[in-house]
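Participant: This is the structure I have questions about; it appears just below.
The values are calculated or read from the model by the stated rules, or taken from the named source; none is laboratory data. All values reported here derive from a predicted model rather than from experimental measurement. Ideal geometry is used to build each Cβ from the backbone, glycine not excepted, and the neighbour counts take in all protein chains shown. Surface accessibility is based on the protein's heavy atoms, side chains included, excluding ligands, DNA and RNA. Shrake-Rupley method; radii C 1.70, N 1.55, O 1.52, S 1.80 Å.
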Amino acid sequence: MSEKIIILVGPSGAGKTSFLDKALGDYNQLKDIITYTTREMRPGEKEGDPYHFVSKPKFEELILEGFFVEHAKVHTNHYGVPEHLIREAWAEGSTVIMDIDIQGAETIKKKFPQTVGVFVMPPNLDALRQRVISRDGQKPDLEVRMKNAELEMQKASDFEHQLVNDDFEACYAQLKKIIDETLEEG
Ligand code: 5GP
């Protein structure tokens, strides 16, 4: 049984979450990993959806316990991937799909070289800014997110696939091809 991971990587607001949700609805062979974060819940979010929300001291305790296969500070908060959830998904015969940031994707690729990285980018930075504002409002970390987005875009070629999210359906069709190929290789 192969142990595969598909990582959706790219700037916050590029559309990774929408692609991930759609792919999970279309493929029951895929399993996403609910990661941990210290950030505040946004309206409409709840514990376990889309994150396990924990305090900073609890997060630090989990780091010391070796709970995370990868953890990173992204923008102004901490995020981490629990290793046992990846192993459990594989044990069930699933292929893991995750939405994490660049630092996390690089760590996961080192640890699990069979990882397939898909870099999702916005058509341009202005479009990204508009998407982030319409999702989050003018939050204090907006400029940090935009600066990080610029830096992240320069790393797109480090990943196996690059998708430009200018048209959701067209871009999703390309993602489906990548998923199909990954599952077939299984
Ligand atoms: P947001 O706060 O907008 O939900 O997510 C911010 C960023 O954190 C996104 O780019 C998301 O992909 C990334 N992220 C979510 N979970 C993890 C994780 O466990 N590790 C890392 N390194 N990044 C994560």
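Participant: Starting from the Cα coordinates of the chain, work out the convex hull volume and express it per residue in Å³. Walk me through the numbers before you get to the answer.
Facilitator: Working: hull volume 21.6 nm³, N = 186.
It comes to 116 Å³ per residue, whole-number rounded.
Participant: Determine the dipole magnitude for the chain: charges of +1 sit on the beta-carbon of Lys and Arg, -1 on that of Asp and Glu, nothing else is charged, the reference point is the Cα centre, and the result goes in debye to the nearest 20.
Facilitator: 420 debye
Participant: Here's a follow-up. Which whole-number percentage describes the relative contact order of the range 27-186, with Cα contacts under 8 Å and a sequence gap of 6 or more?
Facilitator: That works out to 20 percent.
Participant: Of the accessible area of the chain, with the probe set at 1.4 angstrom, what percent is carbon plus sulfur?
Facilitator: Details: 4690 of 9490 Å².
Its accessible area is 49 percent carbon and sulfur atoms.
Participant: Do the alpha carbons of any pairs in Lys16/Lys109; Lys22/Lys111; Lys73/Lys155; Lys73/Lys147 sit beyond 20 Å of each other, and which pairs?
Facilitator: Result: Lys22/Lys111 exceed 20 Å.
Participant: What list of ³J(HN,Hα) couplings, whole Hz, do you get for the range 34-51 from phi and the Karplus terms 6.51, -1.76, 1.60, once you set θ to phi - 60° and write x for glycine and proline?
Facilitator: Couplings: 7, 8, 9, 9, 9, 6, 6, 5, 8, x, x, 8, 8, 3, x, 8, x, 10 Hz.
Participant: With unit charges on the beta carbons (Lys and Arg positive, Asp and Glu negative) and the dipole taken about the Cα centre of the range 5-184, which residue among Thr107, Val96, Leu64 sits farthest to the positive side?
Facilitator: Leu64
Participant: So, one more: Would you please name the GluC sites (Glu not before Pro) within the range 78-186 that are DSSP coil residues with at most 16 other C-beta atoms within 10 Å of their C-beta?
Facilitator: Sites meeting the loop and neighbour criteria: Glu92, Glu160.
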